[in-house]
Amino acid sequence: MNNIKKNIKNKRSTYILYNKKGIVLLAVLVCCGLGACRTDQKALPDEPDVPLFTETPDAADEHSDSDETQRDGTAETGQIESAQDGTIDFELLWSLNPDIFAWLYVPGTDIDLPLLQSGIADDYYATHTPDGAAGAAGAAYTEMANLMNMCDFNTIIHGKDDKEGDIFYQLHQFENPEFFDSHDSFIIYLPDNRLTYTVFTAYYDEDSDILRRYDYTTYAGCIDYLEDMYGARDVGRNIRDGWEDLTPYHFLVTLNGTVDNEVGTQYVVIGSLSTDEAGTIDRMILD
């Protein structure tokens, strides 16, 4: 198994944020236990930015110079360049909505979309689309308790999965053991990094707040989560062999569907960080 195990060191409690113009801002962490990415970042190989929004020839012919094209990060009159085709143009994304902080791509599905976090309310993007407009489709988002630098032990990414067409609906393909076996990863792009996560389990979790169910800032809290996660008894659960030794020093991402109130469960696909191209993912853990 390709584990990433970090030596946790004392570091200044700062992390890097970017505004929509790409200006670096330093912010002091409220609680050092939440973690901090190293700021001695390695330079990534030069790659040309690939525009995310391109118009099809037919669509371009139909527009006049005075036409305004609406771009919401997930759909418009033209096409979106898939993340699998190149790097993500964050300058463009920030011009659309500065709440966009990353990009999620799940191979084998149509999940290829921006990740957002609102400073207004944790569930703001449950009822707003990636351009910030009110919309029932919502967007893929994290809550303010999770850092946007992906350095937390467990980052919870929310998205609707109730019906076909919902942004996380195709997560349910992981219920199929053959699909689960043949699709073992997803990718998160940050402005200065590309992170690959190995999908090691997918199942129906209980109806409760995963982010606040445990104290992920402490070693004991992370152990409690791992013990309960490994002990989950869902009949349709898929789990990958060789991933039985995760520790609080790993970095997890939980792709979390909406709660089905009738049965009281939510579908989750969980990945563990396996590739950190810039070598910047790190955090402190309290005993």
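The values are calculated or read from the model by the stated rules, or taken from the named source; none is laboratory data. Computed from a predicted model, the values in this text were never measured in an experiment. Positions of Cβ are generated from backbone atoms using ideal geometry, with glycine treated the same way; all protein chains shown enter the neighbour counts.
Just a few scattered comments:
- When residues of the range 259-277 are limited to those that are of a type in the set (Ser, Thr, Tyr) and under 19 Å from Arg237 (Cβ atoms), the one surrounded by the most Cβ atoms within 10 Å (Cβ to Cβ): Tyr267
- Of all residues making up the range 98-109, the number that are within 20 Å of Ala121 (Cβ to Cβ) and either in contact (Cβ under 8 Å) with a residue 60 or more places away in the chain or of a type in the set (Gly, Ala, Ser) (or both): 3
Residues are listed down the side, and each one gets a yes or a no for (1) in contact (Cβ under 8 Å) with a residue 24 or more places away in the chain; (2) within 22 Å of Tyr141 (Cβ to Cβ); (3) buried (at least 20 other Cβ atoms within 10 Å of the Cβ):
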site: Cys222; (1), (2), (3): yes, no, yes
site: Glu227; (1), (2), (3): no, no, no
site: Ala232; (1), (2), (3): yes, no, no
site: Arg240; (1), (2), (3): yes, no, no
site: Tyr249; (1), (2), (3): yes, no, no
site: Gly257; (1), (2), (3): yes, yes, yes
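- Residue selected from the range 192-206 under the condition more than 13 Å from Pro107 (Cβ to Cβ) and surrounded by fewer than 19 Cβ atoms within 10 Å (Cβ to Cβ), by the criterion modelled with the lowest pLDDT: Glu206
- Search result, residues across the range 239-261 that are under 19 Å from the mean Cα position of the chain (by Cα), under 16 Å from Asp215 (Cα atoms) and among the polar types (S, T, N, Q): Thr254
- Filter result for His158 (within 12 Å of the chain's Cα centre (by Cα) and buried (at least 21 other Cβ atoms within 10 Å of the Cβ)): yes
- Asp245 being of a type outside the set (A, V, I, L, M), closer than 20 Å to Cys151 by Cα and modelled with pLDDT of 95 or more: no
- Some residue of the range 102-121 being crowded, with 23+ Cβ neighbours inside 10 Å and more than 24 Å from Val259 (Cβ to Cβ): yes
- Residues located in the range 265-287, provided they are over 15 Å from the mean Cα position of the chain (by Cα) and either closer than 14 Å to Ile187 by Cβ or charged (D, E, K, R) (or both): Glu277, Ala278, Asp282, Arg283, Asp287
- Output for the range 228-244, where each listed residue is outside any loop (DSSP other than H, G, I, E, B) and farther than 18 Å from Glu178 by Cβ: Asp228, Met229, Tyr230
- Filter result (modelled with pLDDT of 95 or more, part of a loop (DSSP other than H, G, I, E, B) and of a type in the set (D, E, K, R)) within the range 248-281: Glu277
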